[in-house]
Amino acid sequence: MDTASLSFTALFCALLVLGLVVRTVLASRQMRHVARHRGAVPTAFSNTISIEAHQKAADYTLTKTRYGLLESTIDAAPLLGWTLLGGLDWLNQVLLEAMGGGLLQQLALLAAFVLIGGLITLPLSWYATFRIEERFGFNKMTLSLWLADLFKGALVGALIGLPIAALVLWLMGAAGPTWWLWAWGVWMAFNLLALVLYPTVIAPLFNKFEPLSDEDLKARVNALMQRCGFAAKGLFVMDGSKRSAHANAYFTGFGAAKRVVFFDTLLKQLSPEEIDAVLAHELGHYKRRHILKRIVLMFALSLAGFALLGWVSSQAWFYSGLGVTPSMDTPNDALALLLFMMVVPLFTYFLSPLMAQLSRKHEFEADAYAVEYTNGRDLASALLKLYKDNASTLTPDPLYARFYYSHPPASERLSRLQAA
Ligand SMILES: [Zn+2]
């Protein structure tokens, strides 16, 4: 191998190892911190959270963190198998021999890779649902629902993914040296379309979404939405209890498709005032333009990503450094896409603290918005119920939370609410 390929192999291995080391250090810190505080409820919560709930949260956090660490270690095996151990190269050669070169072969390579990757992670996902979630009383799924979800997900993924992949592969071959700019345009158009189609077409394939049925509650909610200047048909209740006892609320879509979704599991737990407060928080995400900011950030990051892909896909070291022999007489575009998708997370993992920080900033802003339009005390008590129902720990390791948490830890969030 030439020096450029060898250097790239070395960088790849170094990042893989460094990522695993950082993950292990952070997870160990988190587990030690949570275990050390398992014995007593933090004083700020001593009147609101029972010791049983606190210890359940600690045990759940310990189990999940241990599982997450195991998962990321196990995930390194297929990554090495596909790349340096020659898996992707082998799969590509087999398909080349069977089908010859061309768009169809490249599409088959993508599909086979996704299918095999999905089968590899299947046991882990089964374990997470039917062992971990089950043990803590969160799982409400039957095996047949799990299988039906899997089948539906694969079908929807193929129906959407294959045409997009075919279009991108075609552009890579036909659009000249600036193909990546065109491909980026396609990718962005697809993402914008998904923002509209996900809440209105795709999510309803898996869950039922219904407008509020309680008339009193509906009147309250509509009044709040009007105060905040939001279209009146925007609140939906989702049958989350079909799959899990976890409770949540989220904001999705944009334009005419924008909506706030409450899980039925959450709605059952909250008083009308608390529902108002949570809804105001979600509206805050919209009113403070968090959705728009996220879309703009995604546009910029993926433009950089596609430009990088455009460059590395024409470099021989990118292939040979990752254990793949590029073909001389047929396009290597599918190989480039797959290798890129495998390698990029090794780099972007180290950006997760920045993304988490931005997300926590947005959560604080949405909380502040909710306090403007509703009562901060109601939001605080709703959040406490959410933490309790989801068995979220109240005592995370500070460094772990800085690195990963998309939402501020309970203590920080509630003390800000109290201050306001
Ligand atoms: Zn939020």
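The values are calculated or read from the model by the stated rules, or taken from the named source; none is laboratory data. Values in this document were obtained by computation on a predicted structure and should not be read as measured data. No Cβ is skipped: glycine too gets one built from the backbone with ideal geometry, and neighbour counts run over all protein chains shown. All accessible areas refer to the heavy atoms of the entire protein, side chains included, with ligands and DNA or RNA removed. Shrake-Rupley method; radii C 1.70, N 1.55, O 1.52, S 1.80 Å.
Dipole of the stretch 1-120 (Lys/Arg Cβ +1, Asp/Glu Cβ -1, origin at the Cα centre): which of Gln93, Val21, Leu109 lies farthest to the positive side? Checked the options; the winner is Val21. Shown is the FRET efficiency for Thr142 and Glu273, computed with R0 = 41 Å from the Cβ-Cβ distance and rounded to the nearest 0.05: 0.70. Model label sites at Asn248 and Leu167, defined 7 Å from Cα along the beta-carbon direction, differ in position by 2.7 nm. A Förster radius of 41 Å combined with the Cβ-Cβ distance from Val196 to Thr24 puts the calculated FRET efficiency at roughly 0.50.
The alpha carbon centroids of the stretch 58-124 and the stretch 8-39 are separated by 22 Å.
DSSP assigns beta bridges within the chain; of those with both partners inside it, close to 65 percent run antiparallel. Annotation: aspartates and glutamates with alpha-carbon distance below 15 angstrom to Lys287 (same-chain offsets under eight excluded): Glu363, Glu365, Asp367, Glu372.
Given an 8 Å cut-off on Cα distances and at least 6 residues of separation, report the relative contact order of the chain as a percent.
Details: 443 pairs, mean separation 107.7, N = 420.
26 percent.
So if I average 1/r over every pair of distinct C-alpha atoms in the stretch 374-420 and take the inverse, what Kirkwood radius in Å does that give?
Taking the inverse mean of 1/r over all distinct Cα pairs, the stretch 374-420 comes out at 11.3 Å.
Bridging of Lys218 to aspartates and glutamates at a Cα separation below 19 Å is possible for Glu210, Asp239, Asp264, Glu273, Glu274, Asp276, Glu282, Asp378, once same-chain residues fewer than 8 apart are set aside. In summary, the stretch 298-390 shows an alpha-carbon radius of gyration equal to 1.79 times the 2.2 N^0.38 Å reference for compact globular proteins. Can you work out the base-10 log of I(q)/I(0) for the stretch 7-138 at q = 0.10, 0.11 1/Å, using the Debye formula on its C-alpha atoms alone? Listed by q, the Debye log ratios stand at -0.54, -0.62.
Packing here is the average count of other Cβ atoms within 10 Å per residue, and on that basis the peptides 161-174, 384-397, highest first, run 384-397, 161-174.
Which percent of the accessible area of the chain is formed by carbon and sulfur heavy atoms (probe 1.4 angstrom)?
Answer for the chain is 67 percent, counting heavy atoms of protein chains only.
Bridgeable aspartates and glutamates around Lys56 (alpha carbons under 14 Å apart, same-chain partners fewer than 8 residues away excluded): Glu133, Glu134, Asp389. The listed residues Phe263, Phe151 rank as Phe151, Phe263 when sorted by accessible area, largest first, using a 1.4 Å probe.
Highest mean first, what order results for 241-247, 104-110 on Cβ atoms within 10 Å?
Packing proxy ranking, top to bottom: 104-110, 241-247.
Computed over the chain with a Gaussian network model linking Cα atoms closer than 10 Å, the most mobile of Ala40, Ala380, Ala194 is Ala40. Note on Lys293 and Lys208: their simple-model spin labels are 3.8 nm apart, each label 7 Å out from Cα toward Cβ.
Name the residues of the stretch 377-403 whose amide N is less than 13 Å from a point 7 angstrom out from the Cα of Ser72 along the C-beta direction? Those under the cut-off are 400-403.
Shown for the stretch 242-333 is the translational diffusion coefficient from the Stokes-Einstein equation, using the Kirkwood radius over Cα pairs, a temperature of 4 °C and a viscosity of 1.567 mPa s: 74 µm²/s. Taken over the C-alpha atoms, the chain has Rg and Dmax values of 23.7, 72 angstrom. With protein chains left intact and a 1.4 Å probe, residues in the chain average 50 Å² of accessible area per residue.
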